[in-house]
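Colleague: Dumping the structure here so I can ask a few things about it.
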Amino acid sequence: MKKLLILIVAIAIYLHFYPNAEVTNFYNQKKEYLLDQFAELSDTKVRLKAEKIYTDLEPKMTAYSPEEIAQVKSITSSRANVKEFYHNICQTETRDIVLHLKHQKQVCQVISNYTNMF
């Protein structure tokens, strides 16, 4: 056990004084992945519930077609889907092929009310 600890310290010292770009990139990627996983597991911040967007849109969905309702359900199925839709469709102002333009604007408006909670 003592030899293993000495080996780990020696490697850490070596990498500190003689950094390697590939190792540093690998370390940063794994560190970011672990931090994201811990943040998702702990979920201590106030976060957006994707269902909240759907419940806010429900009164307005009387004019939506069944395909549009299914699309909104798929968008609001998770926070990641909401965030992806907001960044790819709402912020870039590209058209969603399923949603009517007026309905897309309504969905983007409701999502924009909660952008600080992503």
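Colleague: What number of residues within the range 85-105 are open to solvent by less than 50 Å² (accessible area, probe 1.4 Å) and of a type outside the set (Ser, Thr, Tyr)? If you could, list the steps in order and put the result at the bottom.
Modeller: First pass over the range 85-105, keeping only residues open to solvent by less than 50 Å² (accessible area, probe 1.4 Å): 85-86, 89-90, 96, 99, 103-104.
Now restrict to residues that are of a type outside the set (Ser, Thr, Tyr): 85, 89-90, 96, 99, 103-104.
Looking only at that region, the number is 7.
Colleague: Filter the range 1-51 for residues that are closer than 30 Å to Arg79 by Cβ and of a type in the set (Asp, Glu) and give the result.
Modeller: Once the filter is applied, which keeps residues that are closer than 30 Å to Arg79 by Cβ and of a type in the set (Asp, Glu), the range 1-51 yields Glu32, Asp36, Glu40, Asp43, Glu51.
Colleague: Another question, if that's okay. Note down all Cβ pairs under 8 Å where the first residue falls in the range 55-69 and is among the hydrophobic types (A, V, I, L, M, F, W, C), the second is part of a helix (DSSP H, G or I) and open to solvent by 40 Å² or more (accessible area, probe 1.4 Å), and they're at least six residues apart or on different chains.
Modeller: Leu57/Gln106; Met61/Ile69
Colleague: Same structure again: Considering only the range 105-116, how many residues are in a helix (DSSP H, G or I) and in contact (Cβ under 8 Å) with a residue 24 or more places away in the chain? Walk me through it before giving the result.
Modeller: Residues of the range 105-116 in a helix (DSSP H, G or I): 105-112, 115-116.
Adding the requirement that they be in contact (Cβ under 8 Å) with a residue 24 or more places away in the chain leaves 106-107, 110-112, 115.
Here the count works out to 6.
Colleague: Sort out which residues of the range 82-104 are farther than 23 Å from Ala63 by Cα and assigned to a helix (DSSP H, G or I), and write them in order of number.
Modeller: First, the residues of the range 82-104 that are farther than 23 Å from Ala63 by Cα: 83-84, 87-88, 91-92.
Lys83, Glu84, His87, Asn88, listed by residue number.
Colleague: Taking the range 15-74 as the search range and keeping residues that are open to solvent by 90 Å² or more (accessible area, probe 1.4 Å) and assigned to a loop (DSSP other than H, G, I, E, B), which one is farthest from Asn113 (Cα to Cα)?
Modeller: That would be Tyr18.
The values are calculated or read from the model by the stated rules, or taken from the named source; none is laboratory data. What you see is a predicted model; the values in this text were computed from it and never measured. Glycine also receives a Cβ, built like all others from the backbone with ideal geometry; neighbour counts cover every protein chain displayed. The protein model used for the area step is the full one, side chains on, heavy atoms only, and it has no ligands, DNA or RNA in it. Shrake-Rupley method; radii C 1.70, N 1.55, O 1.52, S 1.80 Å.
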